[in-house]
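Below is one structure, written out as structure tokens; comments come after it.
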Amino acid sequence: KKRIKNKTTISIMSSGNKPPAGAAAQREPGAIAAARRWISDAASVLVVAGAGMSAFDGATQAGMNVYVNPEDFKKHYPGLAAMGLKTAYQCMGLFGSQAPVENIYGYLYTHIGNMRYKFPPNPGYKHLKELLNGKDYFVVTSNVDGCFVRSGFDKNKIYTPQGDWSVLQCSKPCSSTVYASKDYLQEANKHIDFDKTAFTDKKFIPRCPNCGEYLMGNVRGGDWFVHKHWEAAQGRLLKWIDTVKEQKKNLVVLEIGAGFNTPVVTRFPAESVVRMLSGGSGSSSSSSSFSASLVRINPSDPEVPLDLKAAGIQQGWGVLKALSEQPEDLKKAEADEQEFMEERRETLALLRESGGVQFWQRFKKARGHYDYVKFWKALND
């Protein structure tokens, strides 16, 4: 252990990722100041968004928090509440359960209508769009609610590797064909009993035009998921990163609300992009050095690798507004940033002196890579 300038005690841990309790909060003013400047200076921003980006806002989305709030869930899915289910998270296990097929698909089509079309995006999407104004950007998101498209982001600059409720697929599946969900929702809703959250008869459940099996949402949840529809967007993303690298543009990877549910889709590739584009040792194909940095916004898992130019902010999407605004006291913000960066340099030196190994290094040794291209290509069919 060693005392550093802000009196925070740093323990060198085997992961190199987890700070002692309270350390993130003590560093927060400096992390915010650094993140604000990096984003302002960046020509390009890669947004990597997880479930936390779509976390509900109590003021503008009251009564819609069906994933967490049992009362909101009961309001929108009374039939399933009567069956003992309390949140939409619990409903993820409906497929493959013994629940009546009328309820399974009654819930599914009601939920698609709510999450993809009726429930509005939270204000964080507006703040993010303002923050990116005038910048070259691309978005990778594990969210399937279409909030980026619905908030005015360019649909050709968004990759959704987990799918999107905007399209359906065969539940078998018999092919890689997808179908626009909107084309089926209007007719399906005519035959759903809201109070029972169920189709009045299974004959009204939409069927695959090719084989006759039921149509379900094209969202990842098992080996039946069809990714083919999203491979073109994946290709555009990888080409965009290559262009940023070739043109040596200052890049910020802005990760928001991406935890450890699906880290190989979001969190790990986000780190890998920064490491490889800034000449780090994450892969043998790393490029010559130029400015690439990671800003990680996460209220529960804000830790960042020490070998990267990176700032972890222990907040939710609400901090996006602050990142787009000038600090009230510029000199204090500069001093906070300087102290924050000095702390990170000293901690990295301690880690190296102690022979500590960071998580990404252990992962690479065990799996053979920590490479964003391989992470994303592994998601293909």
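Take the cross-link list 118/155; 86/172; 245/321 and give me the ones stretching past 26 Å between alpha-carbons.
Details: 118/155 19 Å; 86/172 28 Å; 245/321 28 Å.
Among 118/155; 86/172; 245/321, the Cα-Cα distance tops 26 Å for 86/172; 245/321.
Let me have the relative contact order for the chain, percent, based on Cα pairs under 8 Å that are six or more residues apart. Before the final figure, lay out the partial values.
Values: 665 pairs, mean separation 94.5, N = 381.
The value is 25 percent.
For region 32-149, just the Cα atoms, rotate onto the principal axes and tell me the three extents in Å, largest first.
Largest first, region 32-149 extends 55, 28, 22 Å along its Cα principal axes.
Which one, [x] 173; [y] 148; [z] 158, gives volume of the Cα convex hull per residue in Å³ as derived from the coordinates shown?
Evaluating volume of the Cα convex hull per residue in Å³ on these atoms matches [y].
Once R0 is set to 56 Å, what does the formula 1/(1 + (r/R0)^6) return for the Cβ-Cβ distance between residue 193 and residue 246, expressed as a FRET efficiency to the nearest 0.05? Each step should come with its number before you reach the end.
Values: r = 57 Å, r/R0 = 1.01.
FRET efficiency, residue 193 to residue 246: 0.50.
How high is the relative contact order of region 226-381? Use alpha-carbon pairs under 8 Å, at least six apart in sequence, and give a whole percent.
Details: 181 pairs, mean separation 39.3, N = 156.
Computed over region 226-381, the figure is 25 percent.
Can you pull out the trypsin sites (Lys or Arg not before Pro) in region 139-213 whose DSSP state is coil and whose Cβ has at most 12 other Cβ atoms within 10 Å?
Details: sites: 150, 155, 157, 182, 190, 196, 202, 203, 207; in loops: 190, 196.
Passing sites in region 139-213 are 190.
Please find, in a Gaussian network model of the chain (springs between Cα atoms separated by less than 10 Å), the residue of 169, 338, 234 whose mean-square fluctuation is greatest.
Highest fluctuation among the options: 338.
How much length would be gained if the chain were fully extended between residue 322 and residue 354, taking 0.36 nm per residue of separation minus their Cα-Cα distance, in nm to one decimal?
Values: separation 32, 0.36 × 32 = 11.52 nm, distance 3.70 nm.
7.8 nm is the gain from fully extending residue 322 to residue 354.
Could you derive backbone 3J(HN,Hα) for region 145-150 from the dihedral phi with the Karplus parameters 6.51, -1.76 and 1.60 (θ = phi - 60°), listing whole Hz in sequence and x where the residue is Gly or Pro?
Values per residue, Gly and Pro as x: 8, x, 5, 5, 4, 5 Hz.
What is the distance in Å between the Cα centres of region 289-347 and region 62-77?
34
Using a 1.4 angstrom probe with every protein chain in place, what is the largest-first accessible-area order of 77, 89, 184? Please report the intermediate quantities before stating the final value.
Details: 77 0, 89 120, 184 55 Å².
Largest to smallest exposure gives the sequence 89, 184, 77.
Using unit Cβ charges (K, R positive; D, E negative) and no other charged atoms, how large, in debye to the nearest 20, is the dipole of the chain about its Cα centre?
Details: 50 positive and 39 negative charges, 137 e Å.
So the magnitude is around 660 debye.
Any idea what the dipole of region 157-221 comes to, in debye rounded to 20, about its Cα centre with Lys/Arg Cβ at +1 and Asp/Glu Cβ at -1?
Details: 9 positive and 7 negative charges, 32 e Å.
Magnitude of the dipole: close to 160 debye.
5 Å is the cut-off here: which amide hydrogens, built 1.01 Å from N in the peptide plane, fall below it relative to residue 95, excluding neighbours closer than 5 in sequence?
none
Looking at region 295-381, which GluC sites (Glu not before Pro) are DSSP coil and have at most 14 other C-beta atoms within 10 Å of their C-beta? The partial results should precede the final answer.
Numbers: sites: 303, 325, 328, 334, 337, 339, 342, 343, 346, 353; in loops: 303, 325, 328.
Within region 295-381, the qualifying GluC sites (Glu not before Pro) (loop, at most 14 other Cβ atoms within 10 Å) are 325, 328.
Between region 147-170 and region 82-96, what's the alpha-carbon centroid distance in Å?
The two parts, judged by their Cα centres, are 24 Å apart.
Just from its helices, what would the mean residue ellipticity at 222 nm be for the chain, if runs of 4 or more DSSP H residues each count -39500 (n - 2.57) and the sum is divided by every residue, rounded to the nearest 500 deg cm²/dmol? Write out the running numbers ahead of the final one.
On the way: 13 runs with 136 residues, N = 381.
When only DSSP H runs of four or more count, the value is -10500 deg cm²/dmol.
Need the full-extension length gain, residue 300 to residue 367, defined as separation in residues times 0.36 nm minus the C-alpha distance. One decimal, nm.
Working: separation 67, 0.36 × 67 = 24.12 nm, distance 2.60 nm.
Between residue 300 and residue 367, full extension yields 21.5 nm more.
Any idea what % of Cα-Cα pairs in region 196-272 are farther than 14 Å? Before the final figure, lay out each step's value.
Values: 2281 of 2926 pairs.
In whole percent, the long-distance tail amounts to 78.
Taking a probe of 1.4 angstrom, what is the accessible area of residue 83 in Å², to the nearest 10?
90
Would you mind calculating the gained length between residue 261 and residue 291 on full extension (0.36 nm times residue separation, minus the Cα-Cα distance), in nm to one decimal? Intermediate values should be presented prior to the final figure.
Working: separation 30, 0.36 × 30 = 10.80 nm, distance 2.91 nm.
Once the chain is fully extended between residue 261 and residue 291, it gains 7.9 nm.
Run the simple label-point estimate for residue 342 and residue 207 please: 7 Å along Cα→C-beta, distance reported in nm.
If labels sit at residue 342 and residue 207, their model points lie 7.3 nm apart.
Amide H to amide H, which residues 5 or more places from residue 137 or on other chains are under 5 Å from it, using H placed in the peptide plane?
45
The values are calculated or read from the model by the stated rules, or taken from the named source; none is laboratory data. Small disclaimer: the values here were computed from a predicted structure and weren't measured. Counting neighbours? That spans all protein chains shown, and the Cβs are built from the backbone with ideal geometry, glycine included. For the accessible areas, the whole protein counts, side chains as well, though only heavy atoms, and no ligand, DNA or RNA atoms are used. Shrake-Rupley method; radii C 1.70, N 1.55, O 1.52, S 1.80 Å.
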